[in-house]
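Heads up: the structure comes next, in C-alpha cells.
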Amino acid sequence: MAGPYIQTTEWPAYIFQGQAYDLGHLNEFEFEMEDTSRTKRSIVVTFSDHVFTRDAADDDDPQHAFPNSTREPPGHFCLRRYRHSLTIRDIILWCAKGEVWMMTGDDRYGQIPTVDEEGSLSFYAIVFSLEKAKGMPFSLHMRVRTAFPCDRDPPDTFGSVKFKHLVELRVKNKRPPKGYDRKRRKPTLGTPFQKRENAIQLLALNATATDDAKIA
C-alpha cells in the first residue's frame with residue numbers, strides 16, 4: 001500500500017517534563033476489509049491531537065500548550081490519554097470486526113471498549129467520522145477526532161451498527177438510522193480489551209506450537 005495520502009508530516013516526539021514521548025503510533029495507517037456486500041474496501045485512518053491532549057485548565061501555562069493543537073484554546077499534553085493511545089490502532093482493528101456505536105452528530109461513531117486502568121475497569125471512547133474519499137485510491141477516511149478514558153459513564157449513544165455495514169453505507173454516502181428509545185442498548189463494561197488481546201495471542205502461540213510439533 002502506498003501513502004500517506006492525508007497526513008503531510010509525521011507526528012514528532014513530544015517533550016513533556018523532560019521526557020520524550022513518541023507519537024509515531026498515531027501516524028496515518030491503512031487497513032482493508034470486506035463490507036456487507038463482500039466488496040473489499042480500504043480505509044485510511046488519521047488521528048487528531050485530541051487523542052493525547054486535554055482542554056487547557058485555568059492554571060495551565062499557555063507557553064506549555066501543545067504546538068499546533070486543534071483545540072481552542074490550544075490543548076495540553078495528557079499523559080493518561082497518551083498511555084491509552086498506545087493501543088488505539090489495535091483497538092480500531094479489533095472493533096472493525098464487530099459493532100460500533102452511533103454518537104451525537106451527523107457523522108460521528110464510536111468504539112467504546114472496556115479497558116483496564118491499573119486494576120479498575122473503565123470505558124475508552126474513540127470517536128471518529130467516516131468520510132468517502134474523493135479522487136483517492138482508497139474507499140474511506142476514518143478521522144479519529146478524539147479518544148479518552150471515561151471516569152464514569154460512556155458518552156451518549158444512539159444504537160449500534162456492524163462496522164462492515166457502516167462501511168457499505170458510508171461508501172454510498174448513506175448513514176444508519178439512530179435509535180432514541182429509552183430502552184435502547186448501551187455500552188456495558190465487559191472483558192478488558194487487554195485481556196481479550198492476550199487471549200488471542202495465546203491461542204495463536206498455542207496453534208503455532210501445535211503446528212511446529214506436527215512438523216517435528
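The values are calculated or read from the model by the stated rules, or taken from the named source; none is laboratory data. Predicted model, so just to flag it, every value in this text is computed and none were measured. FYI the Cβ positions are ideal-geometry reconstructions off the backbone, even for glycines, and counts take in every protein chain you see.
Criterion applied to P176, P155 was being surrounded by 15 or more Cβ atoms within 10 Å (Cβ to Cβ), touching a strand residue (DSSP E or B) at 6+ places or on another chain (Cβ under 8 Å) and either at pLDDT 95 or above or of a type in the set (D, E) (or both), and the one residue passing it is P176.
Does F123 meet the test of being of a type in the set (F, W, Y), closer than 17 Å to F52 by Cα and touching a strand residue (DSSP E or B) at 6+ places or on another chain (Cβ under 7 Å)? In short, yes.
Being among the hydroxyl-bearing types (S, T, Y) and either surrounded by fewer than 16 Cβ atoms within 10 Å (Cβ to Cβ) or under 27 Å from P177 (Cβ atoms) (or both): is that true of S69 here? Step through it out loud before you land on a result.
Values: among the hydroxyl-bearing types (S, T, Y): yes; either surrounded by fewer than 16 Cβ atoms within 10 Å (Cβ to Cβ) or under 27 Å from P177 (Cβ atoms) (or both): no.
Judged against the criteria, S69 is not a match.
Here S120 fulfils each of the conditions (1) touching a residue at least 60 places away in the same chain (Cβ under 8 Å); (2) more than 21 Å from N27 (Cβ to Cβ) apart from (1).
The number of residues in the stretch 14-58 that are over 19 Å from F138 (Cβ atoms) and free of Cβ contacts under 8 Å to residues at least 24 places away in the same chain comes to 11. For the stretch 92-113, what are the residues that are part of a strand (DSSP E or B) and either without any contact (Cβ under 8 Å) to a residue 40 or more places away in the chain or surrounded by 20 or more Cβ atoms within 10 Å (Cβ to Cβ) (or both)? Result: V100, W101, M102, Y109, G110, Q111. Screening V45 against (1) under 24 Å from G159 (Cα atoms); (2) loosely packed, with under 11 Cβ neighbours inside 10 Å leaves a single unmet condition, (2). Scanning the stretch 167-191 for residues that are of a type outside the set (K, R) and farther than 13 Å from M103 by Cα returns V167, E168, L169, V171, N173, D181, T188, L189, G190, T191.
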